[in-house]
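The values are calculated or read from the model by the stated rules, or taken from the named source; none is laboratory data. Bear in mind that the values here come from a model prediction, so they are computed numbers and not experimental data. Neighbour counts run over all protein chains shown; Cβ positions are idealised from the backbone, glycine included.
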Amino acid sequence: MRAAANPTIVVYPGYANHSGLVVFGHVFRQNLRHWYPYSDNFFANLRVLWKLFRVKGLAGARVQLCVGSLVAETTTDVNGFFRFDLTLAPSVPYGWTAVEVRLAPGGGYEAPVAQGRILHPALNSYDIISDIDDTLLISHSLNWWKKFRLLIMHQPSERKPFDGVVSHYQQLYDANSRKGSCLFSFVSSSEWNLYPFIRAFSRTYQVPRGIYLMANLKTRFTELFRPGGNHGHKLHKIQEIFRYYPDHRFILLGDDTQQDPVLYMQAVRKFPQQVACVYIRHTRRRPSREVSAMLGEIERLGVPHCYFRHSEEAIRHSRAMGFM
């Protein structure tokens, strides 16, 4: 019980529609308050990474969600993950709404309280779904050594986005938030262990506020070095968002380093009326024939695409399409 004497609740940004809400997060056995400071010291940063990939979720904990007068309860899974998927009447208002998550009393440990926020997006012109690694953030996701060096040698504030990408995202967000906040979803095959770094990076570069849907928590440091990621998770989360907002249309942004083209092609096949456009960043030395073929299939299904190397090309395309 000693390790769980002072657990930590982390609430990730959630989302809502006209009839319900989704709130999710983790309960960790350890107090993580002082785990995320980054420095220019190699060994200190290595220690931070080591701790993040050795983190332990608190399984079987009773978690309570408070939204206004509503109080709901659920139980964490083996990794300490919890999720509320509730039906509400009336719904929460448009925009961001504060929520509170706490451990139910009687668990034999201190009952911490954490604050979170959920977004109820207005029915705007378009919402956005974006990959993170090698689409927004230079990550070298296929090369474990380069990825590891980036994490160790650079603070989150020193990590670099691709030139022009933040401007593109800001313009898309602003143009489609005139009637209220649009939904900006960041879907990644990176694990939740790296969420603190992604959030620090996003704050530094003023990436539009949105929700994050990442892969299952890892509990072994060696799993950091596995290339690629759980791409089935990404498709599942994209489809989940489409089903939750059936009247919304989405712009999809990804890259050609991993599986984004095939995942987006599958999404277009299943939800052709909900995809407004597909953007794929060209990161290879030469355009991929396989990627071009998949984008051609997307075009034949009635959805336009843009296969671009520089964000300025994507910005010009978005303007021409009337997305911003």
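Here are SER141, SER157: which of them is in contact with a strand residue (DSSP E or B) (Cβ under 7 Å, 6 or more places away or on another chain), in the same structural domain as GLN259 (by TED's automatic domain parsing) and either at negative phi or at pLDDT below 80 (or both)? Can you show your working first?
Values: SER157 fails: in contact with a strand residue (DSSP E or B) (Cβ under 7 Å, 6 or more places away or on another chain).
Exactly one of SER141, SER157 is in contact with a strand residue (DSSP E or B) (Cβ under 7 Å, 6 or more places away or on another chain), in the same structural domain as GLN259 (by TED's automatic domain parsing) and either at negative phi or at pLDDT below 80 (or both), namely SER141.
Just to verify a result, which residue in the range 69-86, among those that are assigned to a loop (DSSP other than H, G, I, E, B) and without any contact (Cβ under 8 Å) to a residue 24 or more places away in the chain, is surrounded by the fewest Cβ atoms within 10 Å (Cβ to Cβ)? Before you say what the answer is, go through the steps one by one.
Step one: filter the range 69-86 for residues assigned to a loop (DSSP other than H, G, I, E, B), giving 69, 76-80.
Of the ones still in play, those that are also without any contact (Cβ under 8 Å) to a residue 24 or more places away in the chain are 69, 77-78.
Details: SER69: 5, ASP77: 16, VAL78: 10.
Restricting to residues being assigned to a loop (DSSP other than H, G, I, E, B) and without any contact (Cβ under 8 Å) to a residue 24 or more places away in the chain, the top hit is SER69.
Evaluate the following for TYR279: is it outside any strand (DSSP E or B), in the same structural domain as ILE241 (by TED's automatic domain parsing) and surrounded by 20 or more Cβ atoms within 10 Å (Cβ to Cβ)? Steps first, answer last, please.
Working: outside any strand (DSSP E or B): no; in the same structural domain as ILE241 (by TED's automatic domain parsing): yes; surrounded by 20 or more Cβ atoms within 10 Å (Cβ to Cβ): yes.
Spelling it out, it is not the case that TYR279 is outside any strand (DSSP E or B), in the same structural domain as ILE241 (by TED's automatic domain parsing) and surrounded by 20 or more Cβ atoms within 10 Å (Cβ to Cβ).
Looking for something in the same structural domain as VAL71 (by TED's automatic domain parsing), under 19 Å from the mean Cα position of the chain (by Cα) and assigned to a strand (DSSP E or B) - is there at least one such residue anywhere in the range 101-108? Give the steps one after another, and end with the answer.
Let us first name the residues in the range 101-108 that are in the same structural domain as VAL71 (by TED's automatic domain parsing), namely 101-108.
Imposing the further condition that a residue be under 19 Å from the mean Cα position of the chain (by Cα) reduces the set to none.
Checking the range 101-108: not a single residue is in the same structural domain as VAL71 (by TED's automatic domain parsing), under 19 Å from the mean Cα position of the chain (by Cα) and assigned to a strand (DSSP E or B).
Suppose we keep only residues that are closer than 20 Å to ASP260 by Cα and in contact (Cβ under 8 Å) with a residue 40 or more places away in the chain within the range 196-217. Which one would you say is farthest from the chain's Cα centre (by Cα)?
In the first step, residues of the range 196-217 are kept if they are closer than 20 Å to ASP260 by Cα; the result is 198, 210-216.
The next check asks that each one be in contact (Cβ under 8 Å) with a residue 40 or more places away in the chain; those that pass are 198, 210-212, 216.
Working: ILE198: 9, GLY210: 8, ILE211: 6, TYR212: 2, ASN216: 12 Å.
Checking each candidate, the answer is ASN216.
Residue check, VAL262 against (1) within 18 Å of the chain's Cα centre (by Cα); (2) not in a strand (DSSP E or B), all met but one. Which one?
Every listed condition holds for VAL262 apart from (1).
Assess whether GLY60 counts as being more than 30 Å from ALA122 (Cα to Cα) and at pLDDT 90 or above.
On the way: more than 30 Å from ALA122 (Cα to Cα): yes; at pLDDT 90 or above: yes.
Spelling it out, GLY60 is indeed more than 30 Å from ALA122 (Cα to Cα) and at pLDDT 90 or above.
Which members of the range 289-306 meet the condition of being out of contact with any helix residue (DSSP H, G or I) (no Cβ under 6 Å at 6 or more places or on another chain) and either in a strand (DSSP E or B) or surrounded by 18 or more Cβ atoms within 10 Å (Cβ to Cβ) (or both)?
Across the range 289-306, the qualifying residue is only LEU295.
Are any residues in the range 49-68 crowded, with 20+ Cβ neighbours inside 10 Å and either free of Cβ contacts under 8 Å to residues at least 40 places away in the same chain or assigned to a loop (DSSP other than H, G, I, E, B) (or both), and if so, which ones? I'd like the intermediate steps shown before the answer.
Looking only at the range 49-68, we keep the residues that are crowded, with 20+ Cβ neighbours inside 10 Å, and these are 52, 55, 57-58, 61, 63, 65, 67.
Result: VAL55, LEU58, ALA61.
Yes/no per residue for (1) modelled with pLDDT under 95; (2) among the small types (Gly, Ala, Ser):
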residue	(1), (2)
GLY210	no, yes
ASN230	yes, no
LEU253	no, no
THR257	yes, no
GLU290	yes, no
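Can you tell which of ASP77, ASP85, ASP127 is out of contact with any strand residue (DSSP E or B) (no Cβ under 7 Å at 6 or more places or on another chain) and modelled with pLDDT of 95 or more? Working first, answer last.
Working: ASP85 fails: out of contact with any strand residue (DSSP E or B) (no Cβ under 7 Å at 6 or more places or on another chain); ASP127 fails: out of contact with any strand residue (DSSP E or B) (no Cβ under 7 Å at 6 or more places or on another chain).
It is ASP77.
Right, VAL262: surrounded by 18 or more Cβ atoms within 10 Å (Cβ to Cβ), within 23 Å of TYR169 (Cα to Cα) and without any contact (Cβ under 8 Å) to a residue 40 or more places away in the chain or not?
no
Run down PHE53, PHE28 and say which single residue is in contact with a helix residue (DSSP H, G or I) (Cβ under 6 Å, 6 or more places away or on another chain), of a type in the set (A, V, I, L, M, F, W, C) and over 26 Å from PHE242 (Cα atoms). Give the derivation first.
Details: PHE28 fails: in contact with a helix residue (DSSP H, G or I) (Cβ under 6 Å, 6 or more places away or on another chain).
Selected residue: PHE53, the only one of PHE53, PHE28 that is in contact with a helix residue (DSSP H, G or I) (Cβ under 6 Å, 6 or more places away or on another chain), of a type in the set (A, V, I, L, M, F, W, C) and over 26 Å from PHE242 (Cα atoms).
Failed condition for SER311, given (1) closer than 18 Å to VAL187 by Cα; (2) at pLDDT 95 or above, with all others met?
Going through (1) closer than 18 Å to VAL187 by Cα; (2) at pLDDT 95 or above one by one, SER311 breaks only (1).
In the list GLU240, GLU191, which residue meets the criterion of being surrounded by fewer than 23 Cβ atoms within 10 Å (Cβ to Cβ), in contact with a Lys or Arg (Cβ under 8 Å, 6 or more places away or on another chain) and among the charged types (D, E, K, R)?
One residue alone meets the criteria, GLU191.
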